Structures are given as C-alpha cells and as structure tokens.
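Report on the structure given below.
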C-alpha cells in the first residue's frame, strides 16, 4: 500500500514538473514572438561572443583614432622632433694583409639633426620614424584616415549599387541587360594598372597630399560598386514577384516609391551585412594602395603609408616598432569588422532559432 502511495506521489510530482516546464517554454515562446524584429536581431547579435568582441574592438579603434589626438597632444601628425641624436652605423672596408684581402667592420657614431628612429621611451611611446615624427601620434591620425575612407567608400558604393541594381532588378528586360553589361565591364577592368595611371596623373598635376584622400575615395568607389549592384538586383528580381508588390501596382504607386519604399527596405538586412564585411576589405585595399605609394603620401599619416617604411631593409630588420604597430592596427580593424559582419549575418538569418 505504501509503495503504491509513493509511486502515485512521484507520478504527481513528475506531472507537475512537466506542466511547469511546459508553461515556462510557452511563456518564453510567447515573449519571443511578441518581440519586434529589431529586438530579435539585437538579441541574437549580443548572444554571440565574437560579435561582442568585434564591436568592442571597433569602438576602441574609433576612440583611439578620433579621441586619442585630443588627449595625446604632445606630438602632432607631422611634428618633427628636432632634438639632435646619435646613430651608431656599422661601416666596412677592405684591407690587404700579406696578400690576403680581409674585410674590417667598425661602428661609427653619426650625429643626426633630428631624433629619427628613436626607440620607444616616455618621450615617444612607440618611438619615432625615419623622419623624426612620433609613431604613436601618427598611428592615431592614420586611423582617422583609414577608418574614414572605409566608411565613406562603403556608403558611396552602397548608394550607387542600390540605384543601379534597384533599377535593373525592377524593370528587367533590356534595362537589366544594359546595366548588367556595364557591371560586367567594370568587373573586367584591370584595377591595378588604372590605379598606377591615376597615381602618375596625380603626381604630374602636383596634387597635394591632403587632397589625395578624396581622389582615393573616388577611385575605390568607382571600382567597388558593382558587387553591391549585383546583390541588390538579385534580391529585387525575387521580391518583385511577391504579393505586396502586386498590391502596390493596384494602388497605382509611382515606380520610385515601389523600389525605394517597398523593395529596398527588404534588401537592407543583406546590404547591412555586406557593408560591414566590406569595411574590412576597403581598409585592406586602402592600406595596400598607400603601401604602393598610390594613396595618402608623406608627411600625412595612414596605416598603409606607415607600413611602407618596411621597404627599407634596414628598417625592416632593425626597427620593427616603425612598421609593426600599423600592421597590428590593420589586423584589429579587419578582424573587428569581420566579427561584427558575421554576427549580423547570423542574427538576421530568419532560420536562426537561438
């Protein structure tokens, strides 16, 4: 008898526990369904550790680049330290002794009028470059250039891609054929030779270094919008067959409103992910161009320009503090934007349940 009572009690407790678990799941699902789409995306995004890490990296980079120069005011972007310094240079010469030629090495002190290639100290936190300018300060100003170019170029590419891709996807037929052939032409143009020609033209016209950044933005935008146009066009080709677009036609809405009011907003999740991932690529692209001498020129700072100091074998081998910090900042920026882009892609996936 006691055994039956115990079994009944255990059965009742199990049923009560199951009911409580079911009610909790039901409440969670109800709460989950009542959340707005934006809150759902944010909830999924902040559940990803890599997304948070990437967001923190980007915020720190922006604070370092845009707020840092307001705090660290001891040295400017182009300020040269004219403190005389001594550099030890190894020289060699040959001597003939008893018919045998031998090479003798000796170290010679060379007095410099500027404090160039100084190792990190309290006066220069990351040392100075070959021109006697503070590397830490130039790293902050270089971040302004690289990050600004990345954001402005991505925004311009997206706007141009939305306009051309939206028109091509909505109208189709001959309009689509003409615009997509233009996209194919831009995809087939060899970018590097064009950039070399553009750089030669800028040098021939004596364009100042402060203006080169604007030309660089235009050049990167011209050769980078075609991918966004293809993405928008493909999405709109599928969306224009939906019922709500048929309803807009019945309502007699103008074409521009159908495209930019009803179609483009439905493409924005994919565009946001594409823009975020594209930021890292643009920063790498700008750094490569600056490294090759096609971007921002001395005395102005950019991360790619700072890395180009490694072209000197002596600097590459003996002064890693001159070029290594800029490379580290580029890696952080690209990783941060890629982490955020991957997090947004997972968060905006409608199939995601977590």
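Tabulated data for the structure shown
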item: All helices (runs of 4 or more DSSP H) inside the range 30-145 with 2 or more residues being modelled with pLDDT of 80 or more; result: 49-62, 68-71
item: The one condition in (1) closer than 22 Å to residue 53 by Cα; (2) surrounded by fewer than 17 Cβ atoms within 10 Å (Cβ to Cβ); (3) at pLDDT below 75 that residue 348 fails to fulfil; result: (2)
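The rows are residues; the columns are (1) closer than 18 Å to residue 153 by Cβ; (2) in contact with a helix residue (DSSP H, G or I) (Cβ under 6 Å, 6 or more places away or on another chain); (3) touching a residue at least 40 places away in the same chain (Cβ under 8 Å); (4) crowded, with 16+ Cβ neighbours inside 10 Å.
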{"site": "174", "(1), (2), (3), (4)": "no, no, no, no"}
{"site": "181", "(1), (2), (3), (4)": "no, no, no, no"}
{"site": "185", "(1), (2), (3), (4)": "no, no, no, no"}
{"site": "189", "(1), (2), (3), (4)": "yes, no, no, no"}
{"site": "193", "(1), (2), (3), (4)": "no, no, no, no"}
{"site": "203", "(1), (2), (3), (4)": "no, no, no, no"}
{"site": "216", "(1), (2), (3), (4)": "yes, no, yes, yes"}
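Condition check ((1) in contact with a strand residue (DSSP E or B) (Cβ under 6 Å, 6 or more places away or on another chain); (2) surrounded by 21 or more Cβ atoms within 10 Å (Cβ to Cβ); (3) modelled with pLDDT under 80; (4) outside any helix (DSSP H, G or I)) across all residues:
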| site | (1), (2), (3), (4) |
| --- | --- |
| 249 | no, no, yes, no |
| 253 | no, no, yes, yes |
| 256 | no, no, yes, no |
| 261 | no, no, yes, no |
| 282 | no, yes, no, no |
| 286 | no, yes, yes, no |
| 290 | no, yes, yes, no |
| 297 | no, no, yes, yes |
| 305 | no, yes, no, no |
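The values are calculated or read from the model by the stated rules, or taken from the named source; none is laboratory data. Just so you know, these numbers come straight off a predicted model, no measurement behind them. Note: ideal-geometry Cβ built from the backbone for every residue, glycine included; neighbour counts use all protein chains shown.
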